Amino acid sequence: MEDGTSCAPGSEKVTEEQCAPVCGLVRDVLDRIGDKWSLLVLNLLSGRTMRFMDIRRAVPDISQRMLTVTLRHLERDGIIKRTAYPTVPVTVEYCLTPLGTTLIHSVIALVRWSAEHEREIAAARSTYDARLEEPILLQPRDRAARLSG
């Protein structure tokens, strides 16, 4: 942790030993639910139970392996529940747990925000990318300052 940073807002003196366990857990959870696929999966499971292949069809760009890994991680964190039925082949369904349900309002808000601002984000990305492609021209005073400093 850098000097002057703290884990809790408003705390002035938080030692690394006090902050590390909490910050590590928070970072781990945010990494998990904020990964590329988890928000989409959680949004799909909002208020419904879905089978594995239904989720896979609803998120066509995800590989079977990545969906399996995502679902396992969310299950491990107690956010979704996996139910397997003894059929041939095995039927597996997923739904939100009560803990996952407490998270869904935030997930829906993030998904909605992303959809509402999709064009603005695309425009900002295009502007940024175009700026990177422009040649960097140094002004004479910049060149002189760089050589003297």
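The values are calculated or read from the model by the stated rules, or taken from the named source; none is laboratory data. The structure displayed is predicted, hence computed values, not measured ones. Here Cβ is always computed from backbone atoms with ideal geometry, including for glycine, and neighbour counts include all displayed protein chains. Surface accessibility is based on the protein's heavy atoms, side chains included, excluding ligands, DNA and RNA. Shrake-Rupley method; radii C 1.70, N 1.55, O 1.52, S 1.80 Å.
Packing here is the average count of other Cβ atoms within 10 Å per residue, and on that basis the peptides 107-120, 32-45, highest first, run 32-45, 107-120.
The alpha carbons of region 33-91 stretch over 34, 25, 22 Å along the principal axes, in descending order.
Counting only protein heavy atoms and a 1.4 Å probe, region 29-78 has 60 square angstrom of accessible area per residue. Computed from the C-alpha gyration tensor, the three semi-axes of the ellipsoid equivalent to region 59-123 are 29, 17, 9 Å, from longest to shortest.
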